[in-house]
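Scroll down for the structure; my scribbles are underneath it.
Throughout, read-outs are computed from the coordinates displayed, never taken from laboratory work. Since the model is a prediction, treat every value here as computed from it, not as a measurement. Using ideal geometry, Cβ is built from the backbone for each residue, glycine included, and neighbour counts are taken over all protein chains shown.
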Amino acid sequence: MTGQGPSRPARAERAGLAPAKRGRAGAAARQRLFVALALPGDVSEALAGWAASALGRDDGLRLVERDALHVTLAFLGWREPGDSERTAATVADAVAGLTAPRLEPTALVALPRGRPRVLVIGLADEDERAAAAHDAVGAALAAAGLHEPERRRFRPHVTVARVRRGSVPGGRVAVPLPERAFSTPRVVLYRSHLRHDGAHYEELATAVLAAPGA
């Protein structure tokens, strides 16, 4: 139709959120999707190494693999195949112009309290830029009918271990957390593949946030 503007997927590519190519296998299958801040490789390496040293001897825990570490912004759950491109375009519009968060590890926390299922590293959020990305993505996806935002306050964190069924995490961890702040400029739409050895994450689309001061 003449006179129409570019499609939302096309705008997504220009904004830096470019959907990855999809193969034929499982093309009609529903997809388990979430949006997250991807960690730089050296940060993932440092946090995974810390977890192995501090938590690796606890048989009641299953450590999260290095390449699976991230900061969740929105969990969409199971969606129809066509929703991934619509989600990519929506997220691209939502984060356009936002500045990359700068985060720093603060403490190891067991969640939820009482009967923990995961161990996470809490993160200090300089100028609340991660919170701004979380709010923008959540509001845009909700308006598009793709997500129902949680009412609890967003607290950025990285899940580093999952508690095995019937297990209770050990006490205080003696190994100090890495003392390093880092920038997280990449907002990624992930597809989660559930397997017998845990979830594996596939990057479907990526947006790059502006550098501080840019």
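Per-structure values
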{"read-out": "Residue under evaluation Leu73, criteria (1) touching a residue at least 24 places away in the same chain (Cβ under 8 Å); (2) surrounded by fewer than 20 Cβ atoms within 10 Å (Cβ to Cβ), criterion not met", "value": "(2)"}
{"read-out": "Residue in region 165-174 that is surrounded by 19 or more Cβ atoms within 10 Å (Cβ to Cβ) and touching a residue at least 24 places away in the same chain (Cβ under 8 Å) present", "value": "no"}
{"read-out": "Test for Asp59: is it more than 20 Å from Arg32 (Cβ to Cβ) and loosely packed, with under 14 Cβ neighbours inside 10 Å", "value": "yes"}
{"read-out": "Positions within region 165-214 being hydrophobic (A, V, I, L, M, F, W, C) and assigned to a loop (DSSP other than H, G, I, E, B), in sequence order", "value": "Val168, Val173, Ala174, Val175, Leu177, Ala181, Leu209, Ala211, Ala214"}
{"read-out": "Whichever residue in region 92-109 is under 30 Å from Trp50 (Cβ atoms) and out of contact with any Asp or Glu (no Cβ under 9 Å at 6 or more places or on another chain) and, among such residues, is surrounded by the fewest Cβ atoms within 10 Å (Cβ to Cβ)", "value": "Ala107"}
{"read-out": "Boolean, Arg162 is part of a strand (DSSP E or B), basic (Lys, Arg) and under 21 Å from Leu47 (Cα atoms)", "value": "yes"}
{"read-out": "Filter result for the condition that a residue is of a type in the set (D, E, K, R), closer than 18 Å to Thr184 by Cβ and buried (at least 17 other Cβ atoms within 10 Å of the Cβ), over Arg79, Arg129", "value": "Arg129"}
{"read-out": "Residue in region 82-91 that is surrounded by the fewest Cβ atoms within 10 Å (Cβ to Cβ), counting only those that are within 16 Å of Arg32 (Cβ to Cβ) and polar (S, T, N, Q)", "value": "Ser84"}
{"read-out": "Sole residue being under 27 Å from Ala54 (Cβ atoms), aliphatic (A, V, I, L, M) and touching a residue at least 12 places away in the same chain (Cβ under 8 Å), chosen from Ala133, Ala161", "value": "Ala161"}
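For (1) of a type outside the set (Phe, Trp, Tyr); (2) touching a Gly at 6+ places or on another chain (Cβ under 8 Å), each residue gets a yes or a no:
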| site | (1), (2) |
| --- | --- |
| His147 | yes, yes |
| Phe154 | no, no |
| Val163 | yes, yes |
| Pro169 | yes, yes |
| Asp197 | yes, no |
| Leu204 | yes, no |
| Ala207 | yes, yes |
| Pro212 | yes, no |
